[in-house]
């Protein structure tokens, strides 16, 4: 076996060229015959090698606890089509979306808890996440901690039930192009249309009406140098944007209730 | 892209040139591909995961920011 391997190497290009001239000709003939079976285990080996070589660094193993809840955190900027510079903390939508697919598909996951602390970001990416969350068949509870601003608002209302921490805040402000003077009415209409997508999604998924939300969005005198409103904890509940003021305990309790409900619903169906 | 955030655009998009300078490598892992930013010899940080299997995205070892070590690629 080892002998054969050495001769194999000698027959390969770097050596075969420097060897006697008549030798490569007969050596080339058996090569195509042996090549295909040799290649198949080769790719298998390669896969195994890569799997083996992935090593986790600098982390101790946390005892594995089987959880029936999938926790999704949306922090910093919601990153969409443009990769943001490294000073931003971002939530990449191309990762969130397959995670939601996996949570929906995985039979061990019975409920999803979405924790938000975001400053906003890409409209398309934010709406994509919000739509994915709202279309999950499993119970979803959202919890706004710290902040759920701008495009965080539709994500916060996308679940079956929403919570906001007492001190958490949500900034509702118009969509605009910073520093750009709107020259043609079409630009304004375009932005208005984009804004409509966000506003109608929020109105459909929470108790706030479209008119009320627009009023909050265009209110003056609340934010410095800007129009809009900053709603804090109880205010968000008062406007009907969020269902309840509460923290982690309440959110998990509600999620477990919804899971129980979903389970008993399944039993009735069966 | 429409940017909708409370953080000013000039703050978010500062240092944009650093993103463009980054050299990324794609490493195959079974049916998945990891986009890795090299941090040292045969070592890198996962930037993005591309996989047709959604369960891969639930694997904390493959999450962005995780460090991976790989063996030199003999075939290249």
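Please treat every number below as a calculation from the coordinates, not as lab data. Keep in mind it's a predicted model, so treat the numbers as computed, not measured. Every residue, glycine as well, gets a Cβ built from its backbone with ideal geometry; the counts of neighbours run over all protein chains shown.
Beyond 16 Å, how much of the Cα-Cα pair distribution for chain B remains, as a whole percent?
60
Helix-derived [θ] at 222 nm for chain B: sum -39500 (n - 2.57) over DSSP H runs of at least 4, divide by residue count, nearest 500?
-2500 deg cm²/dmol
Percent relative contact order of segment B:23-76, based on C-alpha pairs within less than 8 angstrom and at least six residues apart?
Over segment B:23-76, the number comes to 28 percent.
Using the Kirkwood formula over every pair of different C-alpha atoms, what hydrodynamic radius in Å results for segment A:209-270?
14.5
If I take the Cα coordinates of segment A:130-270 and project them onto the principal axes, what are the three extents in Å, biggest first?
So the three principal-axis extents are 60, 32, 22 Å.
Determine the shielding of peptide B:51-58 by partner chains: average, over its residues, the number of Cβ atoms on other chains within 10 angstrom of each Cβ.
Shielding by partners across B:51-58 averages 6.
When only alpha-carbon atoms count, how far does segment A:66-134 stretch along each of its three principal axes, as whole angstroms with the largest first?
36, 19, 16 Å, listed from the longest principal axis down.
Order these peptides, A:211-221, A:71-81, A:229-239, by their mean beta-carbon neighbour count within 10 angstrom, highest first.
A:71-81, A:229-239, A:211-221
In nanometres, what is the gap between the two model label sites at residue A:87 and residue B:21, each 7 Å from Cα along Cα-to-Cβ?
Using points 7 Å along Cα→Cβ, the separation is 1.5 nm.
Tell me the label-point distance for the pair residue A:263, residue A:73, using the 7 Å Cα-to-Cβ offset, in nm and rounded to one decimal.
The two pseudo-label positions are separated by 2.7 nm.
Could the peptides B:63-71, A:138-146, B:14-22 be put in order, highest first, of the mean number of other beta-carbon atoms found within 10 Å of their residues?
A:138-146, B:63-71, B:14-22
Which whole number gives the average count of other chain Cβ atoms within 10 Å of the Cβ atoms across peptide A:122-135?
Mean shielding by partner chains, rounded to a whole number: 1.
Give me a single rounded figure for A:240-253: the average over its residues of other chain Cβ atoms within 10 Å of their Cβ.
Shielding by partners across A:240-253 averages 0.
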